[in-house]
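The values are calculated or read from the model by the stated rules, or taken from the named source; none is laboratory data. A quick note: this is a predicted structure, and the numbers were derived from the prediction, not measured. Glycine also receives a Cβ, built like all others from the backbone with ideal geometry; neighbour counts cover every protein chain displayed. When the accessible area is computed, the model is the full protein with side chains, heavy atoms only, and any ligands, DNA or RNA have been set aside. Shrake-Rupley method; radii C 1.70, N 1.55, O 1.52, S 1.80 Å.
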Amino acid sequence: MNKIHALNAVQARFYEPLRQFSFLVRLSFFRSLLFHSFFLFFALSSLAMAQTEMPKAGINTVRVSGVVKDQGGERIPFASVSVKGTKLGTRTNAEGLFTVMGLPDSACTLVVQHLGYKQAVLDVNPRTTKMQNLVVTMLSADIKTKRVEVTAEQETFVKAEKTPSLTTISPKQFQSLPSIGQPDVFRSLQLLPGISGTNDGTSGLFVRGGTPDQNLVLFDGMTIYHVDHFFGFFSAFNPDAVKDVQFYKGGFPAMYGGRLSSVVELTGKTGRSDGIHGSINANLISLSGTIEAPITDKGNLLVAFRRSYKLFSYDALSKAITDQQQSSRTLGGGTGRGLPAFIAQSTPDSYFYDLNAKFTYNITPRDILSVSWFSSSDEIDNSLDFSNIQLPAGFPGAGSGRFNPANLPKITDKNLQGNLGASAKWFHSWDNVEGLYTTVVGSFSQYSSSYVFKNERASTDANQPRIGSNEQNLTYDASLRIDNEWQIEQNHQLKFGLQSSMLGSSYSRLFSTPFRSTADTFRVNDEGLQTSLYAQDTWQALPNLDITGGLRLSHYTITGQAYLEPRASIRYEISPEFAVKGAVGRYYQYVNRIVNENLTEGSRDFWKLSDAVLTPSSANHFIAGFTLQNGGWLLDVEAYYKQLYDVVEFSQRLRRNADEQYSFFKGNGSARGLEVLLQKKTGWLTGWISYTLSRTESYFPEINANPFPAAQDQTHELKAILSADLGDDWKLSSTFIYGSGRPFTAPVSQYTLGLLGDMSESYVHVGEKNGNRLPAFHRLDVSLTKKISEPGEALQMLAGLSVFNVYNRKNVSYYRYDFSTSPVLITEVTSLGITPTLFVQIEF
């Protein structure tokens, strides 16, 4: 019944912002925004008409333009288009369109490359070839042809772009890597240097000392706030619905804003136009399916669905540690009265689903309309029942009344989470100005969560203590964006636009203890409008020197302040094999994920908007590095330094005065590190080895007198990813990750204060903030895949076996402490042990 009530509460909150959104158009500021948006549109129309009178650039040069598609008609974004034998080149935009200027007025060859596709070569001659509206078709890299082809060697998995800290990944290429269930976009990103891969409990990205909320995650223009499925083992994004991923680890340009750390921009598939196609993926955890179909001769529809099921279950409680030396100890190793304890282990249970749908319609050859839908839901059950626990022989108190099963706790620990998002995008290519594109996106996204925790005895004795909490969180974002891209000249690309977001968040918490007759209540509600203007210019100052400068100006209604964010990046190619690069920038964030530190239950989080007291957080990025390429090898090195200001900590344990139920604290921080990536891009054996050395510190004077390690601090991290083509369509892949222990705060003693009458209340004394470290993390995963079908067959099949955590390492996620028992019960919450997964993928 509690579960149903919690779900109803979430659903009631889930659709409230949809009703609120209908009132936004009545706001005077929003009407003003619409007016200026249309004014900008008509100004561009006038500019386009004026351009018809302008002379063509260069007497003896020409320009070429077109679109890049795959064999199914899907447009390929961010593909590299270059002119062979010259330094002329560009990238396709999000709609797969490109324009290259300054070509010689003679025959030349276009070379088109993109991750996961075979290189395409096209000979053009302005005297005999149509130079506008070219269509370049690329074949998938895993498609075999009967004739022998001699082409450039293809990159696999990831591609380090010329822009500093920018990486492109191909979701399809990761299907052969080990995974729990289906290959995952965010888990694949965690294999890159600078992104922590030691977080089995979340697929969120800890990028260069940042936290997951400091990443701007965009899916078809929607801002996504929560990315986890199945305890975070993989993300909420179905890889079968994702076409391309652009990932900025830092120093991102002015067109992006509202976050401090990184940008993950996902482009959804539009669906094939060459007939009805589909796929089915099945494994021991989930089942997913995708349908792609043309709608008339101008439209495409894609629907992708995924949900979990149970073919096996995990024990909620493993045996207590039988070693007497391990089962009795002093918590945290600190001073004070020691707390003898025994340790139990728990592994939680989960259910999830996600749904993607996208409709794309080509109104005219220059106008494209697309509508995208995304929703996901998770139910996480981490409940424990100790009534059947078997204590080791000789354990202190074994057999006594306090360890009677009726006196041991029964813990209810359930969490419901969900995402909802929709976007509508109109893309326009200006008729009389080659290389000028405008994109208008309206989007709505929402994240909601409901958490219920109860700690009670199996006994029916009313005097037995009960502890409980109920948390509800809702965050939403209604946005309008107008982005413009203009290739003015071959060496000048201008981007400018307007973005506005109505942000809202609410959080409530009900908490009860056995010592208080009334519950503690905490509520926060915020709503504000954040509007930004931006402009950036990418200038090829010299044939081997690229400079990008940008400026972003934002206004935030809650504080009434304007925020200026300058950005700049540079890349200098010393030789065709060696280049140096760098980036600097300032960034602001207006909505934050607040971590609710809880020593006894495990920390959770909620979202809250910045306000006049908790002002927007800010960061400065400084990045420098170099790239060395030699044949099929790549060495990429980047050093970074990040300054953080006005970041927020939340605590119900630390309070400024006795009347407060909770306290927010503001502080600063820093992150610095060195990343090294050595990648083998071609051949029968591909992959990379990466190493990250980093340090992340926080300084909150009201919490700790001295700077302390941030919760996400990790000194060393080593990763090795290998994929071997064994022939006959067999592939063997492995991933290995090692990371030094993360910091945490541990209790060291417990004391009791007498109150009036016969009442008393217990308090826990904790050690130094983040003064302890979890054990080092390491894990090896392997997978073996086989393509069963022959090329050209209507039914394509891929099958494989993946083994997660091959040598069954019990990596500790966190410790849970129960002080209602004596000795104290410590639960070691660990990630999954060795877990084999069989999977099959069928495409038709």
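So, counting K/R as plus one and D/E as minus one, what does the shell of residues with Cβ under 13 Å around Trp539 add up to?
Summing Lys/Arg as +1 and Asp/Glu as -1 gives -1.
Using a 1.4 angstrom probe on the protein heavy atoms only, could you order Thr686, Thr752 from most to least accessible area?
My answer, sorted largest first, is Thr752, Thr686.
Could you estimate the translational diffusion coefficient of the stretch 532-654 from the Stokes-Einstein equation, with Rh from the Kirkwood formula over C-alpha pairs, at 37 °C and 0.692 mPa s, in whole µm²/s?
186
Mind scanning Lys495/Lys680; Lys118/Lys731; Lys731/Lys810 and naming the pairs with a C-alpha gap bigger than 25 Å?
Long pairs (Cα-Cα over 25 Å): Lys495/Lys680; Lys731/Lys810.
Subtracting the Cα-Cα distance from 0.36 nm times the residue separation, let me have the gained length for Tyr309 to Thr129 in nm, one decimal.
Roughly 59.3 nm would be gained on extension.
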